[in-house]
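The values are calculated or read from the model by the stated rules, or taken from the named source; none is laboratory data. Bear in mind the structure is a predicted one, so any value in this text is a computation, not a measurement. Please note: Cβ atoms are built from the backbone with ideal geometry, for glycine as well, and neighbour counts cover all protein chains shown. Heavy atoms of the whole protein, side chains included, go into the accessibility calculation; ligands, DNA and RNA do not. Shrake-Rupley method; radii C 1.70, N 1.55, O 1.52, S 1.80 Å.
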Amino acid sequence: MSYCTAQLRSNNQMARLLVGRAGSQTSRPAYAVAEDDRIIRYGDIFSAAQRWEESLAAHRVAPGHRVALLADDPLTFIASYISLLSAGVTVLPLNPQAAPAQLESHIEMLGADLLATERPGSLDVRIPEWVAATEGAVPAQAPIASPRVAGAGSSPAVLLTSSGTTGAPKVVPLDLGQMFHVAGQVVRHHRLSARDRAYSPLPLFHVNAQVMGVIGTMVAGSTLVVDRRFHRTAFWQRMDDWRITWCNTVPAIVAILAREDAPPEHVSARLRFARSASAPLPVPVLRRFEERTGISVLETYGMSEAAGQITANPLDPTLRRPGSVGLPVGTHLRVVDADGQLCQAGEVGSVEISGPAVIDRYLVPGTVEGSRPACTDGEWLVTGDVGYRDDAGFVFLTARADDVINRSGEKVYPREVEEVLLAHTGVTDAAVVGQDDPVFGQCPVAYVVAGPGVEPALLAEQLQEYCLARLERSKRPARLLVVDDLPKGPTGKVSKRILMTEGPGAVRTLAGARAS
């Protein structure tokens, strides 16, 4: 046994699992890229980890060092990500679509010691540059900083950034125990096994793709097929070619597929469910998708601060509740009022969480303290979401805390208005935000995207009458704009902050109407 293999066996959870998978499933496909049919097997992942281990040791990189990971190729990212976790260093996953200036700022803010990348010389960064691939790491000659903390167990495994409700960047430290806790809960709840083949077009720098995708696949011993991005016209062909048994999606993808041609029956019969995360899934979109495709949607809820998943609907489709993000899975959840008292069933309040996967601190780069508490009362993390639980404990989200619209003292929850708009057959997407009003303080303003062949001006007129019949006066949009698209982030979530701050200037308006 080599020194490297001995290190892999003794380091941590990821290393032990990797050794076990490589020993029992060496030739089994672990990860694949759908667009070009490339496959990396469990044995290949183990070999990559060995090469990484040798290179890190030779260049005095120790647990506690921070390695920024920038990889355009999905298999390079996955093999390097697993290898770095196995070696005990802290991984800083970067968005390969970000502009060079953004990447440099991100790397500096997170305090990276090294940059592992496929792009030598493409960034002007003030840190040693690495060229990383599944064939190993080739470091440039540069000094290595001392680890920030002593001991492999005391440093985070991953640093992620979360914008939160204020827009100020938050650095979220996750350790392997938190990520493995959630991955294990997902595997058990979803009943994943070696027989499963998952498909995910979600960005790999995001917590969902890392924990539910990369780590969850290894825990289950299954296979994950990834894509660099979502392909609308090729989606069902991907499902067929790779014999996919479940797919990891977001509401934006579900909405698009709900308007496309139905998949072949043998494809929908093989798919156990389509998992939806990242944002609440409007009920009209869920129903349209299930009716069109014959595939049930498993709606979930999570955030980076909880290593990805907080709640999920039951696996049995007959027990799911449309409009709900489900029941807590391995995490405690409560809904409280403004005084911190527990809300009754059906009463809207602040959603808070606690449990083994929930962080207890944020890192604050550039400060003497270096971190700040993430939880109130030392236990509960305020998610920034507003919602309620029903009599059976199912969780329903109504808004982000800073998205709630205060119209003359009456609270308007955007999701309620969006659900009405999306139920109209001419609407394919919708977002409702609050904008300042000299009389009422705030009023709801709606942005909608028209379906193919729908005339924007006519749709704006129709929606006025539609809302008049279905919404009470305080909830009707004071202004309704038909736009060509909505601003969205990398996971397809609508950026309401852009709509609130920039208003109509953030989108191209096709038609508009004001409340009569």
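Key figures for this structure:
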| item | result |
| --- | --- |
| Among residues of the range 17-41, those that are assigned to a helix (DSSP H, G or I), of a type outside the set (Val, Ile, Thr) and more than 25 Å from the chain's Cα centre (by Cα), counted | 5 |
| Qualifying residue in the range 465-480 (condition: touching a helix residue (DSSP H, G or I) at 6+ places or on another chain (Cβ under 6 Å), in a helix (DSSP H, G or I) and surrounded by 15 or more Cβ atoms within 10 Å (Cβ to Cβ)) | yes |
| Scan of the range 389-410 for residues that are surrounded by fewer than 19 Cβ atoms within 10 Å (Cβ to Cβ) and of a type in the set (Gly, Ala, Ser), ordered by number | Ala392, Gly393, Ala401, Ser408, Gly409 |
| Verdict on Ser200 being polar (S, T, N, Q), modelled with pLDDT of 95 or more and more than 27 Å from Thr90 (Cα to Cα) | no |
| Some residue of the range 444-463 being at negative phi, open to solvent by 20 Å² or more (accessible area, probe 1.4 Å) and in contact with a Lys or Arg (Cβ under 6 Å, 6 or more places away or on another chain) | no |
| Filter result for Leu381 (open to solvent by less than 20 Å² (accessible area, probe 1.4 Å) and in contact (Cβ under 8 Å) with a residue 24 or more places away in the chain) | yes |
| Qualifying residues in the range 32-42 (those that are of a type outside the set (Val, Ile, Thr) and open to solvent by less than 10 Å² (accessible area, probe 1.4 Å)) - the one farthest from Asp73 (Cα to Cα) | Tyr42 |
| Among the residues listed as Ala399, Ala446, the single one being under 19 Å from Pro504 (Cα atoms), part of a strand (DSSP E or B) and within 26 Å of the chain's Cα centre (by Cα) | Ala446 |
| Number of positions in the range 48-93 that are of a type in the set (D, E, K, R) and either without any contact (Cβ under 8 Å) to a residue 12 or more places away in the chain or assigned to a helix (DSSP H, G or I) (or both) | 3 |
| Checking Arg372 against (1) touching an Asp or Glu at 6+ places or on another chain (Cβ under 9 Å); (2) basic (Lys, Arg); (3) farther than 30 Å from Pro444 by Cβ, the condition it does not meet | (1) |
| Lone qualifier among Gln102, Gln50, Gln141 - being under 23 Å from Ala209 (Cα atoms) and modelled with pLDDT under 90 | Gln102 |
| Close pairs from the range 302-316: first more than 10 Å from Val207 (Cα to Cα) and open to solvent by 10 Å² or more (accessible area, probe 1.4 Å), partner part of a loop (DSSP other than H, G, I, E, B) and not aliphatic (A, V, I, L, M), Cβ under 7 Å, at least 6 apart | Pro314/Arg320; Leu315/Arg191 |
| Residue among Val420, Val386 that is within 22 Å of Ser495 (Cα to Cα), free of Cβ contacts under 8 Å to residues at least 40 places away in the same chain and open to solvent by less than 30 Å² (accessible area, probe 1.4 Å) | Val386 |
| Some residue of the range 505-513 being part of a loop (DSSP other than H, G, I, E, B), open to solvent by 80 Å² or more (accessible area, probe 1.4 Å) and basic (Lys, Arg) | yes |
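Listed here are the residues, each with its yes/no results for (1) polar (S, T, N, Q); (2) open to solvent by 40 Å² or more (accessible area, probe 1.4 Å).
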{"position": "Gln178", "(1), (2)": "yes, no"}
{"position": "Ala183", "(1), (2)": "no, no"}
{"position": "Arg191", "(1), (2)": "no, yes"}
{"position": "Trp246", "(1), (2)": "no, no"}
{"position": "Asp261", "(1), (2)": "no, yes"}
